[in-house]
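Structure first, commentary second.
The values are calculated or read from the model by the stated rules, or taken from the named source; none is laboratory data. Everything numeric in this text was worked out from a predicted model, so none of it was measured. In this analysis, Cβ positions are derived from the backbone assuming ideal geometry, glycine residues included, and neighbour counts consider all displayed protein chains.
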Amino acid sequence: MFYGAVVWDPWLIVAQIVCLQCLYYLTLGFFLSFLVGSRVSRLSLVYFFDFATVTVSTVTGWCVITSFLLSSIAGAGYIVFLIERAKKCLDFAGTLYIIHLIICVVYGGWPTSLVWWILNGTSFGVMALLGEYLCIKRELREIPITSRYRSSKMLMPWLHILKKLPC
């Protein structure tokens, strides 16, 4: 993607949101099946969307909390590859968690658990800040020009000889 030309493409933005949301829930499902699935007899959507499962009073609740935090770290990595811009990380992470809040409200009602709010606020912060940090590191990488030198070396063999001459 070229960053110089400012083009507003709503279909690209919607596709990025859908991809980010799907990857987030796939990763959350993976971590929930690994951490929570070994502790419960049947894994269901309750662990994804019901605020009552996010609790610090049980080991299963801590496994749910860990799954959400690990998914937010993975989400930061998805942002780096899907969004590619540091200044858009906050927008896309916020959109992901707003959509998650809407799904949670539709599924189980308004979250009244303080732990749920702290977890989702922390997860949002981790995803946005880590994604922004990783995008900035990626944007500030040095552009390699060695491939250009190699191709010019093939075209101009005398350039290699000139580099060896003492100056």
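Tabulated data
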{"quantity": "Lys88 being surrounded by 14 or more Cβ atoms within 10 Å (Cβ to Cβ), out of contact with any Asp or Glu (no Cβ under 7 Å at 6 or more places or on another chain) and basic (Lys, Arg)", "calculated": "yes"}
{"quantity": "Options Ile99, Ile83, Ile103, Ile65: the member that is surrounded by 14 or more Cβ atoms within 10 Å (Cβ to Cβ), closer than 30 Å to Arg141 by Cα and not hydroxyl-bearing (Ser, Thr, Tyr)", "calculated": "Ile83"}
{"quantity": "Residue that is farthest from Ile118 (Cα to Cα), among those in the range 35-63 that are assigned to a loop (DSSP other than H, G, I, E, B) and in contact (Cβ under 8 Å) with a residue 60 or more places away in the chain", "calculated": "Leu45"}
{"quantity": "Selection count where residues are assigned to a helix (DSSP H, G or I) and either under 18 Å from Ile17 (Cβ atoms) or in contact with a Lys or Arg (Cβ under 6 Å, 6 or more places away or on another chain) (or both), scope the range 64-115", "calculated": "31"}
{"quantity": "Yes/no for Leu159 being surrounded by 10 or more Cβ atoms within 10 Å (Cβ to Cβ) and either modelled with pLDDT of 95 or more or basic (Lys, Arg) (or both)", "calculated": "no"}
{"quantity": "Residues of the range 92-122 that turn out to be hydroxyl-bearing (Ser, Thr, Tyr) and under 17 Å from Val80 (Cβ atoms), as a count", "calculated": "1"}
{"quantity": "Residue count for the range 78-113, restricted to those that are of a type outside the set (D, E, K, R) and on the phi > 0 side of the Ramachandran plot", "calculated": "1"}
{"quantity": "Enumeration of residues in the range 1-44 that are modelled with pLDDT of 90 or more, of a type in the set (Phe, Trp, Tyr) and loosely packed, with under 11 Cβ neighbours inside 10 Å", "calculated": "Trp11"}
{"quantity": "Any pair with Cβ under 7 angstrom, 6 or more apart, that starts in the range 20-34 at a residue that is more than 15 Å from Ile79 (Cα to Cα) and aromatic (Phe, Trp, Tyr) and ends at one that is part of a helix (DSSP H, G or I) and at pLDDT 95 or above", "calculated": "Phe31/Ser67; Phe31/Leu70; Phe31/Ser71"}
